[in-house]
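The values are calculated or read from the model by the stated rules, or taken from the named source; none is laboratory data. Quick caveat: nothing in here was measured; it's all calculated off a predicted structure. All Cβ positions, glycine included, derive from the backbone under ideal geometry; neighbour counts span all protein chains shown.
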Amino acid sequence: MGRGFFNVPTAVNEPVKGYAPGSPERAELLATYNAMFNSNIDVPMHINGEEIRTGNTKNITPPHDHKHVVGQYHVAEKSHVDAAISTALAARQEWSSTSWTERAAIFLKAAELLAGPYRAKMNAATMIAQSKNVHQAEIDAACEMIDFFRFNVQYMTDIFKDQPASAPGIWNRVEYRPLEGFVYAITPFNFTSIAANLPAAAALMGNVVVWKPSDHQAYSAQVIVDLFKEAGLPDGVINVIYGDPVMITDTALASPDFSGLHFTVSTHVFKNLWKQIGNNIHNYKTYPRIVGETGRKDFIWAHNSANPLQVATAIVRGSFEYQGQKCSAASRAYIPASQWEAVKKHVIAQTNELKMGSPADTSNFVNAVIHEGSFDKIASFLEAAKNDTNAEIIVGGGHDKSVGYFIEPTVILAKSPTYATMTTELFGPVMTVYVYEDAEWEASLKLVDESTEYALTGAIFSTDRYIVEKASKELENAAGNFYINDKPTGAVVGQQPFGGARASGTNDKAGSAQNLLRWTSVRLIKETFVTPTDYKYPFLG
Ligand code: NAD
């Protein structure tokens, strides 16, 4: 549309609602939760806007009450994946040339619908499917998703405004074209907002998408589909497929039209997919973009100038919120010996106060971990720690899967900085502490930097600016999101763009212009107004 240079509404972060007793939002959310928990949802796949029901279904069960079935979702055969790809490519013809204003309007509308009529439903679905308490659901499924939509629209226009200079007599301009083909989005269970953003960021930039949500997020994924539909997203732009991740991925990556992977999963899966894309490289029409956020072993490091209560609070909040299943959750800490007794006292006191149970009871800080596989893995590490002289469980350690997959928030004291839980990614509420001699603080920074292959988030605590500067330099590559005197979780779109490097991902920062740029391919257009007619340059004379 060439009839104006339009400004989009200035993006602002969605205010987080408090859900205090007696508040209207609390009453609405809990009523919605109860209604959804006690009904049965049938989640289809979505190809070209049609609901696809294969009859081959799997149950949806809340992690905190795994015998209770809240619905089922339908899984794909290979033919459905092929159909999703060809549908996306057909939809591309119109979508890729639709004015950016129309695309912006769809996602701005989605943001407003989610801020209003969809808020309780999206939060309740996330509480049920992914076992998030009210606050964790609100900051993820409502606020972060709204922020992704609003800020991405603003970043898109910022990108479009970035234009080259033009020398006299010519006009240079760049177009930010969508990729030629389709984008394949594979999303994790742990953030409903990430599940929405991975396909939406690519679609906003004019791409068409095949989206494979996590099986453990199907309930809230369906609410995202409803939201996009009501916001006006045309059929076929984002097609949703459930089922065997290997079959779906093999089919998507075998297509010559595969042009990008937008992905949040574990490191080994991502590395294998990178290899698979490399093996297929001769088949593709274009070099695919590969964007991945992967595993992590996020750290808290404290100097003896830090405040022990602040360090302890960061450990409790940073490690145990959402059962340690945030990508940014801390799971290893390095504490100076002179501070350990004070930090330990506060950590034990605060952790013992945390209530655990269903998100329906809003006094519960901790809910269940996502599934039995995760529960069993974490429990096995806790049992090993109980029987290992190199480890001591100082609080927590209990686990029970009889009703839900409940793991007590646990702090392990490790005698070695390379003890298993200091270095292995566990997706659960387990923090391991290594206590170092105060004088060895510089060596302890090396441990932080070199003990794992990951580099997603990390936090340092000190009141000494020389130490803060030194640690920041020493840990320059140890975290993509680096926090000074704060817990390493809670990144906000528009304020702390999120992502890590090394084995934690390609660091293309979700919720930033850098990420959106990956879903475009620039065309430079140079136009010359008085075109030369003589080949001779002056120097030839
Ligand atoms: P997961 O690896 O079990 O599954 C995530 C997605 O990948 C799902 O959709 C799943 O079906 C799919 N998948 C699994 N195996 C696959 C395969 N072989 N081929 C293709 N797809 C496959 O991860 P999860 O439990 O949902 O999420 C946790 C993981 O994601 C952790 O490793 C975590 O660190 C990572 N994560 C990272 C960030 C980040 O910002 N770096 C954010 C969130 C999650």
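Here are a few things to note about the model shown:
- The C-beta contact set for the range 384-409 (first residue on the phi < 0 side of the Ramachandran plot and in contact (Cβ under 8 Å) with a residue 40 or more places away in the chain, second residue of a type in the set (Val, Ile, Thr) and surrounded by fewer than 19 Cβ atoms within 10 Å (Cβ to Cβ), distance under 8 angstrom, 6+ apart or interchain) comprises ILE394/ILE348; VAL395/ILE348.
- Only residues that are within 14 Å of the ligand (Cβ to nearest atom) and either part of a helix (DSSP H, G or I) or in contact with a strand residue (DSSP E or B) (Cβ under 8 Å, 6 or more places away or on another chain) (or both) were counted across the range 254-279, and they come to 18.
- For the range 44-98, the strands (runs of 3 or more DSSP E) that sit wholly inside it and include 3 or more residues that are within 25 Å of the chain's Cα centre (by Cα) are 45-47, 57-60, 71-74.
- The listed residues are ARG289, ARG296, and the only one of them that is in contact with a Cys (Cβ under 7 Å, 6 or more places away or on another chain) and in contact (Cβ under 8 Å) with a residue 60 or more places away in the chain turns out to be ARG296.
- Complete set of residues in the range 436-458 that are more than 16 Å from the ligand (Cβ to nearest atom) and not in a helix (DSSP H, G or I): TYR436, GLU437, SER451
- Lone qualifier among ALA329, ALA342 - being surrounded by 24 or more Cβ atoms within 10 Å (Cβ to Cβ), touching a helix residue (DSSP H, G or I) at 6+ places or on another chain (Cβ under 9 Å) and not basic (Lys, Arg): ALA329
- Annotation note: of VAL237, VAL246, the sole residue that is free of Cβ contacts under 8 Å to residues at least 24 places away in the same chain and among the β-branched types (Val, Ile, Thr) is VAL246.
- Filter pass, VAL433 being buried (at least 20 other Cβ atoms within 10 Å of the Cβ) and of a type in the set (A, V, I, L, M, F, W, C): yes
- When LYS355 is tested against (1) among the basic types (Lys, Arg); (2) farther than 30 Å from ALA27 by Cβ; (3) without any contact (Cβ under 8 Å) to a residue 24 or more places away in the chain, only condition (2) is not met.
- Taking first residues from the range 422-435 that are within 16 Å of the ligand (Cβ to nearest atom) and partners that are among the basic types (Lys, Arg), the Cβ contacts under 6 Å between residues at least 6 apart in sequence or on separate chains come to GLU425/LYS297.
- Among the numbered conditions (1) of a type outside the set (D, E, K, R); (2) surrounded by fewer than 21 Cβ atoms within 10 Å (Cβ to Cβ); (3) not in a helix (DSSP H, G or I), the only one that ALA479 does not meet is (2).
- Yes/no for TYR176 being touching a Ser or Thr at 6+ places or on another chain (Cβ under 6 Å) and within 22 Å of ALA510 (Cβ to Cβ): yes
- When LYS377, LYS344 are checked against the criterion of being over 28 Å from the mean Cα position of the chain (by Cα) and charged (D, E, K, R), a single residue qualifies: LYS344.
- Filter result for the condition that a residue is modelled with pLDDT of 95 or more, assigned to a loop (DSSP other than H, G, I, E, B) and within 15 Å of the ligand (Cβ to nearest atom), over ASP534, ASP508: ASP508
- Residue match in the range 401-417 (condition: assigned to a loop (DSSP other than H, G, I, E, B), closer than 30 Å to ASN507 by Cα and within 16 Å of the ligand (Cβ to nearest atom)): no
- Of residues in the range 488-502 being more than 10 Å from the ligand (Cβ to nearest atom), surrounded by 20 or more Cβ atoms within 10 Å (Cβ to Cβ) and within 22 Å of THR424 (Cβ to Cβ), the one farthest from the chain's Cα centre (by Cα): PRO488
- Among the criteria (1) in a loop (DSSP other than H, G, I, E, B); (2) more than 10 Å from the ligand (Cβ to nearest atom); (3) not aromatic (Phe, Trp, Tyr), the one GLY243 does not fulfil is (2).
- Every residue from the range 62-88 that is surrounded by 15 or more Cβ atoms within 10 Å (Cβ to Cβ) and among the hydrophobic types (A, V, I, L, M, F, W, C): VAL70, VAL75, ALA76, VAL81, ALA83, ALA84, ILE85, ALA88
- Checking each residue in the range 14-41 for being more than 13 Å from MET122 (Cβ to Cβ), of a type in the set (Ser, Thr, Tyr) and within 25 Å of the chain's Cα centre (by Cα) picks out only TYR19.
- Members of the range 161-193 that are surrounded by fewer than 23 Cβ atoms within 10 Å (Cβ to Cβ), in contact (Cβ under 8 Å) with a residue 60 or more places away in the chain and either under 21 Å from LYS109 (Cα atoms) or of a type in the set (Ser, Thr, Tyr) (or both): TYR176
- Cross-chain or 6+ apart pairs with Cβ under 8 Å, the range 448-461 first and assigned by TED's automatic domain parsing to the domain that holds ALA479, then assigned to a helix (DSSP H, G or I) and within 13 Å of the ligand (Cβ to nearest atom): GLU453/THR267; TYR454/THR267
- Residues in the range 345-364 that are among the hydroxyl-bearing types (Ser, Thr, Tyr) and buried (at least 23 other Cβ atoms within 10 Å of the Cβ): THR351 only.
- Residue pairs meeting the criteria (Cβ under 7 Å; at least 6 apart or on separate chains; first within 16 Å of GLU425 (Cβ to Cβ), in the range 252-276; second hydrophobic (A, V, I, L, M, F, W, C) and not in a loop (DSSP other than H, G, I, E, B)): THR264/ILE194; THR264/LEU198; VAL265/ILE186; PHE270/PHE263
- Apart from one condition, SER331 fits all of (1) touching a strand residue (DSSP E or B) at 6+ places or on another chain (Cβ under 9 Å); (2) assigned to a helix (DSSP H, G or I); (3) over 17 Å from GLN136 (Cβ atoms); (4) within 15 Å of the ligand (Cβ to nearest atom); the exception is (2).
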